[in-house]
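The values are calculated or read from the model by the stated rules, or taken from the named source; none is laboratory data. Since the model is a prediction, treat every value here as computed from it, not as a measurement. With ideal geometry, Cβ positions are generated from the backbone for all residues, glycine too; neighbour counts draw on all protein chains shown.
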Amino acid sequence: MVLGDDTGTTLLCRTLWFIGDIGVLERESRGLLEGLTWIKSLGFSNVVFEVDAKGVVDVLQRREEIWTKVGRIIRASKAILDSKPCFRVQFVSRQANVVVHVFARASTSYASPTIWVEPLDFVWYSVLRRTQKPFFGFIMEKTKQYCRKESIDRLSALPDDILCHILSFLPTKLSVATSILSRRWRFLWAHVPNLDFDSENHGRESKIDERSFFDIIYRVMSLYKVENMDTFSLCFIRMSQSQLETCIDAAVIRNVKNISLIAPNNFPSVSLPCCILTCKTLVDLTLYNIWDMPMSGDISLPALKRLCLDSVFYDTAGSLPHLLSGCPVLDELIVERTDADTGCFYISSPTLKRLMFSSYFDNTDEFEREAYTVEIDTPALSYLHVYSRTRYEYVSVGSLTSLIEADVDLEYVSPMETDDLLFRSTLEFVGRLCNVKCLKLSIGWMEVPDSEFSALNVKFHNLTKLEIAPDWRFISNFLENADNLEVLMIRTADEYLKYWIEPKQVPTCLLLHLGTVRIDQFGCTEPEFNMVRYILRNAKVLKRMEIYTESHGIDLKEKFVALKIISLFQRGSEACELAFH
Amino acid sequence: MVTTDEKGPLTAKKKSVIIRSCDGDEFLVSESAAVLSTSLKKILEEKEDRLIHLSDIDNKTLAMVIAYLSTHADDGLSDDLKRSFDQEFVSGKEFDVLKYLVLATDTLQVTCLCYTVAKKMADIMKNKLVEWVRREFDIQNDYTPEAEAEIRRLDAWAWDDRQLEDD
C-alpha cells in the first residue's frame, strides 16, 4: 500500500503479508479491505483508492452479491465505503501502479511486514523504517536492481527487425556507427534494407578522395547481408565510371527496388551505368546530373513505377522515348530539363498518370524552333504539372481525357516580341486541358492579341476550381466556358495584364455554381473594381468574396475608400459575405 | 444539438469491435478503424466474436493506437489534416513511449504508423554521441575495451567527423 497526497508525493507506505495460496480476486480484494481498514484507522477522509485489479473494482461498483469467501471480503469493504462517503475506489493500470509492485517485492526481503514513512522518492528510496530493525544496504540494492531491470536495454529489447526498420531511416554511415553500441548491434546494420551513402557525410571534400569513398562502399557491400534491398541511394562528389558501375551492380544483384543516383554538378561527369536499365525489380529511379542517356540498347524496367530525371543529359532526341518504351507500368514521371541541345522533347507513355515537367534554360541563341518543343502524349494522365522558365517553349499535348488536375505555369522570361506561334501553341495547349476539375493557370509575359482568345472556345465542363494569374483576359474566358465553376482564385498580375473584359452574357457558372471568389494583391485599379462589381452583381449564389490588398503601395486611406466603393456595389446574392483584408 | 441528433443513429448503425488490453480494459472501436490494422482485420475475418484480446499491449499504448486508427478511419478529415495529425502524434513523445508504440504497431501491423514512429525514433538517434545513445536508451556496452577499439579501427570512417562519437 502506498499513500500519497494530491501532488503525487508519497507520504506513507505499508506492506502486509498473507501466507498461503489464494486466488487473484481474493488476494486483491483482501488488499483493498486491508487498505480501507488501515486508512480508516488513521482517520483520513477524502481518499481515492487506486486498485490495479479490474475485477475487484467491477464487483464493487456493480454491487452484486457474491456468496463466497471473496464476497465476504467485498461486503466488508463495501461496509467501510458506505460508512465513509468520502472514500472512493477507482481502477488504475498496472503500469501506473508500479511503485506498489516495487514495494511488494522489496518487502519480501524484510523480516516482517513494514511501514515506511516519507520522504520517499519514486525510484531511489531513502527509506526510513519505523517499526523494525533496518536492513538498509540490502533493501536499497534490491530495489535498485528491480528498477534497473525494468528499464535496462529498452532499445535493445525491441526485436531485430524493428531495430533494422529504425536504422533504415539513418544514413548508412550512422547505422554502421551503431555497431559500437553493444555486441548485439555489431552487425545489425548489415540487415538494414536501405543503404544511403552521401560523400557529404564523409568529411569535407578535401579529406576524402574517390578511392577512400569507394573503399567504404566496397567494405559495406562486402559485409552486407540483405538479399532483397529496398533502397540504394548514392550521392557522390568524385567517382570513376567503373567504381560507379561496381556499386550499382552490387545493388542490382540484391534485387533493389529504389535507386537514387546523384552526381556532382561539376565535371567530370559520369554516364548512366547500363545495368540499371535492365533491373527487373526496380520500382523507383531517381537520377540527377547523369550523362549519356543512350538512345539504343536493351531497356527493360518491368516494375518501374516512378522515374525522376533531373538535369539528365540525353544523347539524342530519341533517348527519352527509348527509355520510356522500356517502362511498361510507369505511373509517375518527373522531368527537369536544363538543356535543349538534343532538340524536340518527346514524352510518350500509355500508362503514365502523373507528369511533372519543368524547364530551366536560357535559349537566347537562335536555334531552330524544333529544339524548344515539348510533345506530350500520355492518354492516361490524371495529373499534369508544367513549369517553364525559358525564353520560349512550345508545349503540345495529345488527348488528355482522364486529366483531373493541372498546374500550368508558363512565365516566359522576356520572350521575343510578337511570336504568333508561341501564343497560338499556348492557347491550344490550354484548350487541351478541357477535362480538368482543378486548374492552376499562370501564363505571363505574352502579349496575346484579344482576337486570339476566341481560339480558346472550348467548354471546361468538369472544372470546379480555378486559380488564375496573371493574364486576366483568361478569367472572362473561363467564366464563359466553365459552367460548373465553384471556386475562383485570382492571383497577382502585372498592371498591363489586368484587363477586364466583361462577358457578353452572364455566364452559367455565375448563375448556378460560383460560391467562392478570392482575389489576391488587389491593386485598387479601375479594371479590378470593374471585375469585382461585375461578379458581385451577377453571381447569384456567391457565398464569399475575399479580397486581399497588396501589402505595399496601398495605404490605409486608399484601402478604406476601396472597401467603401466595393461594399456599395449591388449584390446578386444576398447571402454573400465580403472579406476585405 | 443537431449534430448529436445525427450522430446517434449513425454510430449505432456502424459495426464496432471490443478490444481488450493486457491490463483488462476494454475499448470500443468502430470496425472501419479496426480493419486499418492488418492483424485485427485478419482476426475479424476469421472469427465472429466481436471481442479481441491483445495480451501484449497495455492500456496507454492501445489507447494511442486506437486514437490513431480512429482518426485515419474518419472520412471527414482531409489527407493533409491526417498528415499533420501524424506529425503531431509522434512529436514530444518520450522514447520509451515510442518503443511501446512501435512494438504495438508491429504486432497489429499498422504499417503507416509503424513507419512514422520508427522514423521519429531514428530522428532522435541522429547526431547523438555513442555514450548519449547508450545512456538514453540504456544499452549496456558488453564489448571489452580491446574489442571496441578494434571496431573503431576497422570502420574508422563511420566516426570520422564525431557524429555518433564519444563525448
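What tally of residues in region A:7-41 results from selecting those that are modelled with pLDDT of 65 or more and either in a helix (DSSP H, G or I) or touching a Gly at 6+ places or on another chain (Cβ under 6 Å) (or both)?
18
Kindly indicate the residue of region A:185-203 that is part of a helix (DSSP H, G or I) and at pLDDT below 85 and also nearest to the other protein chains (Cβ to nearest Cβ) among those meeting that condition. Even if it seems obvious, please write down each step before you answer.
Residues of region A:185-203 that are part of a helix (DSSP H, G or I), as a first pass: A:185, A:188-191, A:199-201.
With the extra rule that they be at pLDDT below 85, the set shrinks to A:199-201.
Working: A:SER199: 11, A:GLU200: 10, A:ASN201: 8 Å.
Looking at the filtered set, the residue picked out is A:ASN201.
Output the residues belonging to region A:514-539 that are surrounded by 21 or more Cβ atoms within 10 Å (Cβ to Cβ) and assigned to a loop (DSSP other than H, G, I, E, B).
A:LEU514, A:ALA539
Taking B:THR71 and the conditions (1) in contact (Cβ under 8 Å) with a residue 12 or more places away in the chain; (2) within 9 Å of chain A (Cβ to nearest Cβ); (3) more than 23 Å from A:ILE180 (Cβ to Cβ), which numbered condition does it fall short on, given that it satisfies the others?
(2) is the only condition that B:THR71 fails.
Does A:LEU181 fit the bill of being modelled with pLDDT of 85 or more, within 33 Å of the chain's Cα centre (by Cα), under 13 Å from B:MET125 (Cα atoms) and facing chain B (nearest Cβ under 7 Å)? Explain how you work it out, then say what you get.
Values: modelled with pLDDT of 85 or more: yes; within 33 Å of the chain's Cα centre (by Cα): yes; under 13 Å from B:MET125 (Cα atoms): yes; facing chain B (nearest Cβ under 7 Å): yes.
Here the answer is yes, as A:LEU181 does meet what is asked.
For residues in region A:444-468 being outside any helix (DSSP H, G or I) and at pLDDT below 80, which is nearest to the chain's Cα centre (by Cα)?
As a first pass, look at region A:444-468 and keep what is outside any helix (DSSP H, G or I): A:444-449, A:457-468.
Checking which are at pLDDT below 80 leaves us with A:444-449, A:457.
On the way: A:GLY444: 31, A:TRP445: 35, A:MET446: 36, A:GLU447: 40, A:VAL448: 40, A:PRO449: 43, A:ASN457: 39 Å.
It comes out as A:GLY444.
If the requirement is being small (Gly, Ala, Ser) and either in contact with a Leu (Cβ under 7 Å, 6 or more places away or on another chain) or within 28 Å of B:CYS22 (Cα to Cα) (or both), which of these qualifies: B:SER78, B:SER70, B:SER84?
Values: B:SER78 fails: either in contact with a Leu (Cβ under 7 Å, 6 or more places away or on another chain) or within 28 Å of B:CYS22 (Cα to Cα) (or both); B:SER84 fails: either in contact with a Leu (Cβ under 7 Å, 6 or more places away or on another chain) or within 28 Å of B:CYS22 (Cα to Cα) (or both).
That would be B:SER70, the only listed residue that is small (Gly, Ala, Ser) and either in contact with a Leu (Cβ under 7 Å, 6 or more places away or on another chain) or within 28 Å of B:CYS22 (Cα to Cα) (or both).
Anything in region A:298-324 that is within 17 Å of A:VAL270 (Cβ to Cβ) and part of a loop (DSSP other than H, G, I, E, B)? List them, or say none.
The answer is A:SER311, A:VAL312, A:PHE313, A:ASP315.
Has region B:50-62 got at least one residue that is modelled with pLDDT of 85 or more, surrounded by 15 or more Cβ atoms within 10 Å (Cβ to Cβ) and either of a type outside the set (S, T, N, Q) or within 30 Å of A:ASP52 (Cα to Cα) (or both)? Reasoning before the result, please.
So the first thing to find is which residues in region B:50-62 are modelled with pLDDT of 85 or more, and the list is B:61-62.
With surrounded by 15 or more Cβ atoms within 10 Å (Cβ to Cβ) added as a condition, the list becomes B:61-62.
Within this subset, residues satisfying the condition of being either of a type outside the set (S, T, N, Q) or within 30 Å of A:ASP52 (Cα to Cα) (or both) are B:61-62.
Checked region B:50-62: at least one residue is modelled with pLDDT of 85 or more, surrounded by 15 or more Cβ atoms within 10 Å (Cβ to Cβ) and either of a type outside the set (S, T, N, Q) or within 30 Å of A:ASP52 (Cα to Cα) (or both).
Provide a single number: the residues in region B:74-105 that are within 12 Å of another protein chain (Cβ to nearest Cβ) and surrounded by 13 or more Cβ atoms within 10 Å (Cβ to Cβ).
Kept after step one, since they are within 12 Å of another protein chain (Cβ to nearest Cβ), are these residues of region B:74-105: B:94-105.
Okay, now just the ones that are also surrounded by 13 or more Cβ atoms within 10 Å (Cβ to Cβ), so B:95-105.
Residues that pass the stated criteria total 11.
State yes or no: is B:LEU103 closer than 23 Å to B:SER16 by Cα, under 14 Å from the mean Cα position of the chain (by Cα) and modelled with pLDDT of 85 or more?
Considered against the rule, which asks whether it is closer than 23 Å to B:SER16 by Cα, under 14 Å from the mean Cα position of the chain (by Cα) and modelled with pLDDT of 85 or more, B:LEU103 comes out as no.
For region B:125-153, how many residues meet the condition of being in contact with an Asp or Glu (Cβ under 8 Å, 6 or more places away or on another chain), aliphatic (A, V, I, L, M) and at the interface with chain A (Cβ under 10 Å from one of its Cβ atoms)?
Residues meeting the conditions: 2.
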